[in-house]
Amino acid sequence: MAIDEINNNYSILIDKNEKYKILEINTEKIVSKDYNYIESIDNDLFIVKKNQKYGLIDITGKEITRKLLKEAKRRDRKSKG
């Protein structure tokens with residue numbers, strides 16, 4: 001089992017079956033479904049992959065996108081000025 005800390009309250013947990021979950025550290029409660037992959041794109045927002053499709057969830061595990069997409073890309077923001 002592997003753990004990747006997101007912030008002081010949450011971590012991404014990878015179990016022995018290589019399923020990714022979000023873990024609330026203080027309560028040791030799993031707050032998301034099982035996914036094939038989770039990547040933090042902000043302290044409160046994540047790209048998730050399940051069955052070769054992608055979506056977005058928040059820190060509580062709530063799905064932000066209604067349906068999973070075939071592709072999702074992270075794009076860094078550049079400041080203007």
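Go through the range 1-14 and give me each residue that's surrounded by 14 or more Cβ atoms within 10 Å (Cβ to Cβ) and among the aliphatic types (A, V, I, L, M).
Within the range 1-14, Ile6, Ile12, Leu13, Ile14 meet the criteria.
Answer yes if at least one residue in the range 64-81 is open to solvent by less than 60 Å² (accessible area, probe 1.4 Å), in contact with a Ser or Thr (Cβ under 8 Å, 6 or more places away or on another chain) and at pLDDT below 90, and no otherwise.
Checked against the condition, which is being open to solvent by less than 60 Å² (accessible area, probe 1.4 Å), in contact with a Ser or Thr (Cβ under 8 Å, 6 or more places away or on another chain) and at pLDDT below 90, the range 64-81 yields no hits at all.
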Specify the residue that is modelled with the lowest pLDDT; the eligible residues are those in the range 15-28 that are surrounded by 10 or more Cβ atoms within 10 Å (Cβ to Cβ) and farther than 18 Å from Lys50 by Cβ. Ile25
All positions within the range 31-41 that are open to solvent by 70 Å² or more (accessible area, probe 1.4 Å) and at pLDDT 90 or above: Tyr37
Residue list for the range 1-36, restricted to those being assigned to a strand (DSSP E or B) and over 15 Å from Gly61 (Cβ atoms): Ala2, Ile3, Asp4, Glu5, Ile14
What do you reckon, is Gly61 at pLDDT below 90, part of a loop (DSSP other than H, G, I, E, B) and surrounded by 14 or more Cβ atoms within 10 Å (Cβ to Cβ)? yes
Please tell me if Asp44 is over 15 Å from Asp4 (Cα atoms), open to solvent by less than 100 Å² (accessible area, probe 1.4 Å), at pLDDT 80 or above and of a type in the set (Asp, Glu). no
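The values are calculated or read from the model by the stated rules, or taken from the named source; none is laboratory data. Computed from a prediction, not measured in an experiment: that's the story for all the values here. FYI the Cβ positions are ideal-geometry reconstructions off the backbone, even for glycines, and counts take in every protein chain you see. Calculation scope for accessible area: heavy atoms of the full protein, side chains included, ligands and nucleic acids excluded. Shrake-Rupley method; radii C 1.70, N 1.55, O 1.52, S 1.80 Å.
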